[in-house]
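What follows draws every value from the coordinates through simple rules; no lab data is involved. Predicted model only: the values in this text are computed from it and were never measured. As a convention, Cβ positions derive from the backbone with ideal geometry for all residues, glycine included, and neighbour counts pool all protein chains shown.
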Amino acid sequence: MTAKIFKRPDGRKPDEIRKMEAKVGIIPNADGSAMFRFGDTIAFAAVYGPKKMHPQHSQDPEKGTLRCNYNMLSFSVNERIRPGPSRRNIEISKITEWALEPVLMIGKYPNMVIEVHINIIQANASTRCAGINAAAMALAHAGIPMRELVSSVSIGKLDKQLVVDVSKDEEDWEEGEGATDIPITLTKSGEITHLQLDGKITKEQLKEVLGLAKKATAKIYEVQKKALKESLEDEK
Amino acid sequence: MIETSDITGERIRRYLEEGKRFDGRKPDEFREITIETGISKNAEGSARVKIGKTEVFVGVKMDVVEPYPDSPDRGNLIVSAELLPLSSPRFENGPPKFPTIELGRIIDRGIRESEFIDFEKLCIKKGEKVWTVFIDIYSINDDGNLLDASGIGAIVALKNSKIPVYDKKEGKVLFGERTKEKIPLAKDIIIPITVHKIGDNFIVDPTLEEEDISEVRVTIGSSKGVISSIQKGGDKSLKTEELYRILDLSEKVWDEIYSKIEKSLK
């Protein structure tokens, strides 16, 4: 049988990202803030700091600390989320810190903390990636020195087909080999700051995944950059 | 940002003596209100309310549960608020503090006591299955008066909610699938309006700085002339005549807010 053209539930091409939207400066109180959207997935991020770390025993005299806090609004998903901390939130918050830290130049801020609050307003999968994209923009908006930006995308393997920017329907894919979800965060220069995988994949295919992620994050980067530039023009 | 300084407070007080406010408003004037609906496709109903720079998101979710023993034929209402650390440097993670709890409770009481929701119609089977309505309030940016913004958001979110599909055979809610049916609501909406006393003056819709130096705060939830909830906040006392002034003031702005909400619902 010849390979038939793979059909994604929402009709996208395998390497097609959902409609992206980005905006900087959405929360007036914050030192930096941004919104990032993949289709129906919307993330808000706000940065507060650098400010003195409390309690004092948490202070790091060598360098500044990045503290991320990822959370979903109760009505961002179909089945209401009970308010309060969850193991998933704790993990994603930490993963987000790791995704962002390599590009942050926070050596200059001993005993200080930079807080990043990420809230998912509406969810249709890839929320952590949208959150990281919003957070990177918010940090840049806050004027925290950064070597470069990071951009995040989830690559999926649905049965045997690789797709870019996984939606909820795709996450729940059951046919054939089922769904494998691979969220990846890359710096502008192509270094990996975040990589997770849930499912099954071969080494060869994983290499392909990285290639797709590189191309996708280059597109995401352009959207982030454009929004940051626009915010500068607004201030003029 | 963290606290309003004494100098600023003094200046606000002196300005008010002449009937003036920092942003040029009159004491009985609200900032610009914008109301948007449908902020989350996954909510039964939702609203975004901006009053000046203050912004809140409110969403409604529903679920089928066993009724409380003392109300076997009535649905339930659970209102919770979260003052997101995202929205202000003053808010922190952790167990809810008093302002968060109070905000949820004031909105809850206004809706409950005004009988805005017809809970009897939310009964599926007496003593066994009833709908619970969850109203969740989130601050997105706090520049004062989260209370009134939340109250307006709750009403608008309820008004545009569609009840989810309930599979009676399986006894399960099919989350994500919604009927065309709306939540049974009273015709008249309930609006909370908060009045603050600063010195000998009374204002509505305070900014954060004004809220900081407020001596007494009274929130009045009412629908077309009927008051159904009141909360006095603050550790200073109030004279009877002062309360009357507050009631008059809240009544005066009620119509204006009402027509803005009605407009957004069209």
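I need to check one value: relative contact order of the stretch B:60-138, counting alpha carbon pairs closer than 8 Å and at least 6 residues apart, in percent. Relative CO of the stretch B:60-138 lands at 57 percent.
The H on the amide N of B:Ala81, modeled in the peptide plane, is under 5 Å from the matching H of B:Gly104, B:Ile137, each at least 5 residues off or on a different chain.
Annotation for the stretch B:161-259: GluC sites (Glu not before Pro) lying in DSSP loop with at most 16 further Cβ atoms inside 10 Å of their Cβ are B:Glu170, B:Glu215. Per residue, chain A reaches -9500 deg cm²/dmol at 222 nm when only DSSP H runs of four or more residues are counted, each adding -39500 (n - 2.57). The ranking of B:Asp235, B:Asp142 from fewest to most other beta carbons within 10 Å of each one's beta carbon is B:Asp235, B:Asp142. Database remark: amide H of A:Asn111 closer than 5 angstrom to the amide H of A:Asp60, A:Glu62, A:Lys63 (H placed geometrically; neighbours at sequence offset of 5 or more, or on other chains; Pro and chain starts carry no H). For B:Val216, the residues 5 or more places off, or on other chains, whose built amide H falls under 5 Å of its own are B:Lys197. Loop-located trypsin sites (Lys or Arg not before Pro) in the stretch B:90-182 (DSSP state not H, G, I, E or B) with no more than 16 neighbouring Cβ atoms inside 10 Å: B:Arg90, B:Lys97, B:Lys126, B:Lys168, B:Lys169.
The value of relative contact order for chain A, using C-alpha pairs under 8 Å at least six residues apart, is 22 percent. Take the alpha carbon gyration tensor of chain B, find the square roots of its eigenvalues, order them as a ≥ b ≥ c, and report rounded if a/c is under 1.5; if not, report prolate when a/b exceeds b/c, else oblate. In terms of gyration-tensor shape, prolate. As a proxy for reagent exposure, ranking A:Met72, A:Met137 by other Cβ atoms within 10 Å from fewest up yields A:Met72, A:Met137. In chain B, the calculated helix contribution to ellipticity at 222 nm averages -9000 deg cm²/dmol per residue, counting -39,500 (n - 2.57) for every DSSP H run with n ≥ 4. Put in order of Cβ neighbour count within 10 Å, fewest first, the listed residues A:Ser151, A:Ser231 become A:Ser231, A:Ser151.
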